[in-house]
Amino acid sequence: WLDDNAKTPANVNGIVTCGDIETNTVWTNDRPILITCQIFVRSGATLFIQEGAIIQAYADDGEGSAPALIVDRGARIVADGTEQQPITFTSAVSARNLPQRGLWGGIIITGKAPVDSQSAAPQVEGLRGDAEGF
């Protein structure tokens with residue numbers, strides 16, 4: 001039932017990744033990167049993603065939140081894929097459940113763009129923790 005309903009990840013031999021990125025970090029293309037929580041790239045850090053890298057995210061972090069990659073204001077992401085070696089972001093569920101919407105939280109890049117917010121601090125729906133960039 002779990003696999004039929006895209007609730008469990010496929011059996012992937014990859015690098016399990018969770019937690020803040022506070023220093024320059026490289027995600028390589030030799031094994032899939034498995035995102036299991038909301039990962040924040042913090043101000044001053046750069047996340048480099050090699051061409052041909054595959055990033056797979058779980059559908060749920062076990063606490064009801066979708067894993068995602070969040071780049072804070074002042075942080076950087078450098079992801080230079082090529083036509084021959086694209087960088088792929090996808091869900092970690094088995095291939096028979098793809099394509100399907102809503103299987104992970106996506107990539108969120110905060111910055112200096114103006115926002116129209118009635119609240120004291122704008123928020124991104126579904127984020128846990130503190131996104132620095134508003």
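Worth a mention:
- FRET efficiency for residue 65 and residue 30, using Cβ-Cβ distance with R0 set to 30 Å, rounded to 0.05: 0.55
- The range 32-47 - phi-based ³J(HN,Hα) in whole Hz, Karplus 6.51/-1.76/1.60, Gly and Pro as x: x, 9, 10, 8, 10, 8, 7, 9, 9, 8, 7, 3, x, 9, 10, 9
- The amide H of residue 89, built 1.01 Å from its N in the peptide plane, has 55 as neighbours under 5 Å, considering only residues 5 or more places off or on other chains.
- Modelled FRET efficiency - R0 22 Å, residue 15 with residue 84, Cβ distances, 0.05 increments: 0.45
- Prolate/oblate/rounded call for the range 28-97, Cα gyration tensor, a/c under 1.5 rounded: oblate
A short reminder: the numbers here are calculations on the coordinates, not readings from a lab. All figures in this text were calculated on a predicted structure; none of them were measured in a lab. Don't worry about glycine lacking a Cβ; one is built from the backbone with ideal geometry, like all the others, and counts go over all protein chains shown.
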